[in-house]
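Novice: Mind looking over this structure? Questions follow.
Derivation of every value follows stated rules applied to the coordinates shown; laboratory data play no part. Remember, predicted model here, so these are calculated numbers, not experimental data. Don't worry about glycine lacking a Cβ; one is built from the backbone with ideal geometry, like all the others, and counts go over all protein chains shown.
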Amino acid sequence: MNEQPEQFTFDFRESTAQIVGGASEDLKIKIGDFAGPLDLLLFLIRQEQANIFDIPIARITEKYLEYIRLMKRLDISIAADFLVMAATLIEIKSKMLLPRDPFAGEEEEIEDPRQELVDRLLEYEKFKTAAGMLYERSTVEQAIFTRGPIESDDNNAEIDASVFDLLTVFQKIVARHVDEIKLEIEREEISLADMMRTLKKRIFEFGEVSMLKFFEEMHSKREIVTAFTAVLEIVRTESVKLLQATTFGDVILKKI
Amino acid sequence: MDEEEIVSAPREARSPGQLVALVEALIFVASEPVTTKVLADVLEEERESIEAAIEQLQSDYLSRDSGLQVREIAGGWQLATRTDFHEEVRSFLKTRPSAKLSLASLETLAVIAYKQPVTVPEILEIRGVQSASAIKTLLDKRLIVAKGRKETVGRPMQYGTSKDFLIQFGLNDLSELPSIEDFEDLVQ
């Protein structure tokens, strides 16, 4: 497949916000929306051309707070998460101002207060890039079309038959029998257990059984009632499902 | 006893060409990607024969420079138009590209796709921002689904991506996503 021709490439960065420089007093900004405080932070670090592994924390904190103040002035509601990050930055900044513990051994590795933030930024950036990848994929995908829906899609052949569908089939059979009974012959009545056994055997042998046909084999109303109860019992207890191809049509018992 | 005839009537052996044509017909009418297994079951053929038929079908389309392609997506097969015809197809259908997901939603989706099953607090941890509305959007668009609760304090709901996600992002399965570690190289 020759995917992703020129016209679909997309600059993901372009959709993020930009602070257009100017006098520091009145920054002109192009507000987009930063996806979150980490996103804003990454943007500021990049704008300051700082190294992510050696963030000039004082300068970045200042820029960050400037942005937050600006949002406030522009009456943009600031998500609490942005404020949490501001607090984190200030905390790191103050930690870095503290003199090193003079009693700490020379060898002792002192963790950089910035470490945790850097880890989070790096982790976040991976997912931000992954989001860009998803964006491009969906754009390519939108250039591919499948056929339009056809009538049978909505009126799908395999609809689950409801109790009412079963009853309708049942009534149809009963009605037919009322018309055609010609001769009463004494027969032995078949029990529900026998009926279930017969039906089960048939389903597992052939994979599926037409309910209409099965009922038609019955000789009396009573047998039909027994057969109907057997169907309900089997569907309830065995791994058999009911399918109906057309509305009010025949119901098929199918082995799952 | 005519059931017996319907159910187990021996069918005539098909030629490879016929099978290719049949597979094409079924993939065409299917409203969503159809799996090799379903094709094999319906046609009562071996999996291997179906796979060979699909391969043949794909190369047929390619060799005659067809406007259609047979693609593997979400674990099934689908007949779709070629990407380079998108402008014409779109103007014929009079559709516009559907609304794009917001940056926040895309990021949330990326976290869920790579970390699933994942809880809301875990997403917050990575993104550094609340993702409630993004999660709602993704649920509404059926790109993600709830995947049960995590047995931890508060039993938070876990989320994972759906089949629709695979379809909308042109993936056959999740393993087709580039490894998240690959994105590390791009980080300065």
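Novice: Residue by residue through B:28-40, how many Cβ atoms from other chains fall within 10 Å of the Cβ on average? All intermediate terms of the calculation are to be shown ahead of the outcome.
Specialist: Working: counts 3, 4, 3, 8, 2, 1, 0, 0, 0, 0, 0, 0, 0.
Counting Cβ atoms of other protein chains within 10 Å of each residue's Cβ and averaging gives 2.
Novice: Counting other beta carbons within 10 Å of each Cβ, put B:145, B:111, B:42 in order, fewest first.
Specialist: Values: B:145 18, B:111 28, B:42 13.
So the ranking, lowest neighbour count to highest, is B:42, B:145, B:111.
Novice: With unit charges on the beta carbons (Lys and Arg positive, Asp and Glu negative) and the dipole taken about the Cα centre of the range B:103-179, which residue among B:113, B:175, B:124 sits farthest to the positive side?
Specialist: B:124
Novice: A further question on this structure: Of the listed pairs B:37/B:163; A:201/B:37; B:100/B:150, which have alpha-carbon separations greater than 21 Å here? Could the numbers behind the result be given before it?
Specialist: Numbers: B:37/B:163 17 Å; A:201/B:37 26 Å; B:100/B:150 31 Å.
As for pairs spanning more than 21 Å Cα to Cα, those are A:201/B:37; B:100/B:150.
Novice: Given a cut-off of 17 Å, what percent of all Cα-Cα pairs of the range B:2-93 lie beyond it? Please report the intermediate quantities before stating the final value.
Specialist: Numbers: 2294 of 4186 pairs.
Within the range B:2-93, distances greater than 17 Å cover 55 percent of Cα pairs.
Novice: Just tell me which lysines come within less than 26 Å, Cα to Cα, of residue B:94; anything on the same chain fewer than 8 places away is out.
Specialist: B:141
Novice: Next up: Taking only Cα atoms, what is the 0 to 90° angle, nearest 10, from helix B:103-115's long axis to the longest principal axis of chain B?
Specialist: 70
Novice: How big is the shadow of the Cα convex hull of the range B:13-169, averaged over all directions, in nm²?
Specialist: That works out to 12.3 nm².
Novice: Sort B:59, B:175 by Cβ crowding within 10 Å, fewest neighbours at the top.
Specialist: Details: B:59 11, B:175 7.
Going from sparsest to densest Cβ surroundings: B:175, B:59.
Novice: Average partner chain C-beta neighbours within 10 Å, per residue of B:91-101?
Specialist: Values: counts 0, 1, 2, 0, 2, 1, 4, 2, 0, 6, 4.
Across the residues of B:91-101, the mean count of other-chain Cβ atoms within 10 Å is 2.
Novice: If you don't mind, there's one more thing I want to ask. Sort B:144, A:52 by Cβ crowding within 10 Å, fewest neighbours at the top. Could you put the intermediate results ahead of the total?
Specialist: Numbers: B:144 24, A:52 17.
Going from sparsest to densest Cβ surroundings: A:52, B:144.
Novice: Over the Cα atoms, compute the radius of gyration (one decimal) and Dmax (the largest Cα-Cα distance, rounded to a whole number) for the range B:103-179, in Å.
Specialist: 11.9, 36
Novice: Lys and Arg at +1, Asp and Glu at -1: add these up for the other residues within a Cβ distance under 15 Å of residue A:96 and post the number.
Specialist: Working: positive: A:59, A:93, A:95, A:100, A:114; negative: A:54, A:62, A:91, A:101, A:111, A:112, A:116.
Neighbourhood net charge equals -2.
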